[in-house]
């Protein structure tokens, strides 16, 4: 089993950092003046201007964080390299005792490894020959440069790449070559940045104002101007129109109470909804318009020169043009819950409006009567014809029964046959008695001959009579045939008569039912609100129509602008 290697824990001790001071213990004001002068020279070299009175820039939060004594985990004395090793080759000038003492003082300041590396990078940027990181801090402070300020890396670099000391950059650093036509490489301070932001804001505001002016121009041309024109027309030029309102309901006659689902809707508007819709369709049809024009002259009323040109009808207008105006001026609605038909008729004068309404109501009444008249006539005609045919058949069957009775002389074959059978039964009973009496006499040893002969004569006569009666029932040799055949023919005729009588009764019942249904299907029109001529014009509604025109033009402009924006985006993408 292998275990993961454990990293050793190192504890980094922090030492109190001494306040930074100039190695030569120069006055703070002198040090600030030197830094300000160096910054002015670098800015002048970068911007190409000779203005050296610019104030030094304050460090931003990132620079202040970089200058803070926060430990970054690297050793305070830095890493040993060929450039900053203390064992490196000595410089041309050996350090004096003051420099050694200053370097030792810098070592005691407790600088972090990050600050030492920053000082080394600044020294390399300015071409300063150093022996160690502390030597870099010492030499930069002698030159009046803060080695821990990031802005020095950009402000104090000349256009030719040389530093404040005029030396060359280190050979082991990447070299740059000047590129023509590049933006200025100077660093913007707070004033420049604020001025650029202000210029951008002014440009954005100017463009917004320009777009807003263009928007107002488009709105004025496409929305406000048409709305103003529409308002001027409605308020000053539109001819006043008068509307007459009428309400009526179509009802049917009360008949016998029905059964089933039909009785549930008998008293509601659903029972006559089909008739109401039919009347509504007829009143808004070309047939009603042509009939109204033929009776009153609808076209001539709206072709009057006193009507404004927009609402006026041409004198030679076609039926289609007149029908469009008719549909606009005659408005009919149907309320299915109550079964009420609402009609509104518009005309140039109140009298003409009321007259049009009355004429249209008369047309509706005629249409209601015509709708059920044919149905009622068909139902009654069918019921009457069926009853008449059944009655004729019944009479013919009765005549056939009467003819058979007269021809055969039999009123009722069944009763005659019953009477014959009764006689035969009686005679057979007497025959049996005679035979018993004869047998009783013959049982004597010396029977009375006279009585025996008399009984035998009676028996013979009874047998002959019974045979004759039975022959009348079954024999067919007679003039009218046997009683059985007569009874069969009469029975068939009577059954036919009974059948025809039942059919006639059923037809009579159907006739009465059809008469009831016809009475129930009778429709009539009842006025709820009679047409009354108004005394004030109903149209035009100037304010409402102007607002409606504004909404219409605004909606059209909005849809057109959205469509154009979408197309522009699709083309530019």
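The values are calculated or read from the model by the stated rules, or taken from the named source; none is laboratory data. These numbers were taken from a predicted model, which means no experiment stands behind them. Every residue, glycine as well, gets a Cβ built from its backbone with ideal geometry; the counts of neighbours run over all protein chains shown.
The lone criterion from (1) surrounded by fewer than 16 Cβ atoms within 10 Å (Cβ to Cβ); (2) in contact with a strand residue (DSSP E or B) (Cβ under 9 Å, 6 or more places away or on another chain); (3) assigned to a helix (DSSP H, G or I) left unmet by residue 338 is number (3). When the residues of segment 504-532 are filtered to those that are surrounded by fewer than 17 Cβ atoms within 10 Å (Cβ to Cβ) and under 41 Å from the mean Cα position of the chain (by Cα), the one that is farthest from residue 386 (Cα to Cα) is 532.
Within segment 521-541, not a single residue is in a helix (DSSP H, G or I) and in contact with a helix residue (DSSP H, G or I) (Cβ under 9 Å, 6 or more places away or on another chain). When you scan segment 393-406, do you find a residue that is modelled with pLDDT of 85 or more, within 27 Å of residue 517 (Cβ to Cβ) and surrounded by 12 or more Cβ atoms within 10 Å (Cβ to Cβ), even just one? For segment 393-406, residues modelled with pLDDT of 85 or more, within 27 Å of residue 517 (Cβ to Cβ) and surrounded by 12 or more Cβ atoms within 10 Å (Cβ to Cβ): present. Considering segment 467-487, the residues that are assigned to a helix (DSSP H, G or I), touching a helix residue (DSSP H, G or I) at 6+ places or on another chain (Cβ under 8 Å) and surrounded by 13 or more Cβ atoms within 10 Å (Cβ to Cβ) include one that is modelled with the highest pLDDT, namely 469.
Is segment 547-562 home to any residue that is at pLDDT below 80, assigned to a helix (DSSP H, G or I) and surrounded by fewer than 16 Cβ atoms within 10 Å (Cβ to Cβ)? Taking every residue of segment 547-562 in turn, none turns out to be at pLDDT below 80, assigned to a helix (DSSP H, G or I) and surrounded by fewer than 16 Cβ atoms within 10 Å (Cβ to Cβ).
When residues in segment 223-249 are screened for being in contact with a helix residue (DSSP H, G or I) (Cβ under 6 Å, 6 or more places away or on another chain) and buried (at least 16 other Cβ atoms within 10 Å of the Cβ), 9 of them pass.
Just wondering, is there one or more residues in segment 228-242 that are in contact (Cβ under 8 Å) with a residue 24 or more places away in the chain, closer than 30 Å to residue 344 by Cα and in a strand (DSSP E or B)? Walk me through it before giving the result.
Let us first name the residues in segment 228-242 that are in contact (Cβ under 8 Å) with a residue 24 or more places away in the chain, namely 230-231, 233-235, 237-242.
Next cut, closer than 30 Å to residue 344 by Cα only: 230-231, 233-235, 237-242.
Filter once more, keeping what is in a strand (DSSP E or B): 241-242.
Yes, some residue in segment 228-242 is in contact (Cβ under 8 Å) with a residue 24 or more places away in the chain, closer than 30 Å to residue 344 by Cα and in a strand (DSSP E or B).
Considering 442, 375, 438, the condition of being surrounded by 18 or more Cβ atoms within 10 Å (Cβ to Cβ) and more than 30 Å from residue 245 (Cα to Cα) is satisfied by 438 alone.
In segment 284-313, what residues are touching a strand residue (DSSP E or B) at 6+ places or on another chain (Cβ under 7 Å) and under 20 Å from residue 350 (Cα atoms)? Show your work before the answer.
Of segment 284-313, the ones touching a strand residue (DSSP E or B) at 6+ places or on another chain (Cβ under 7 Å) are 284, 301.
Once the filter is applied, which keeps residues that are touching a strand residue (DSSP E or B) at 6+ places or on another chain (Cβ under 7 Å) and under 20 Å from residue 350 (Cα atoms), segment 284-313 yields only 301.
Scanning segment 309-323 for residues that are closer than 19 Å to residue 352 by Cα and within 40 Å of the chain's Cα centre (by Cα) yields 311, 312, 313, 322, 323.
May I ask you to say which residue of 287, 308 is farther than 23 Å from residue 529 by Cα and touching a residue at least 40 places away in the same chain (Cβ under 8 Å)?
Details: 287 fails: touching a residue at least 40 places away in the same chain (Cβ under 8 Å).
Only one candidate qualifies: 308.
If you go through segment 105-133 and keep only what is free of Cβ contacts under 8 Å to residues at least 40 places away in the same chain and over 26 Å from residue 189 (Cα atoms), you end up with 107, 128, 129.
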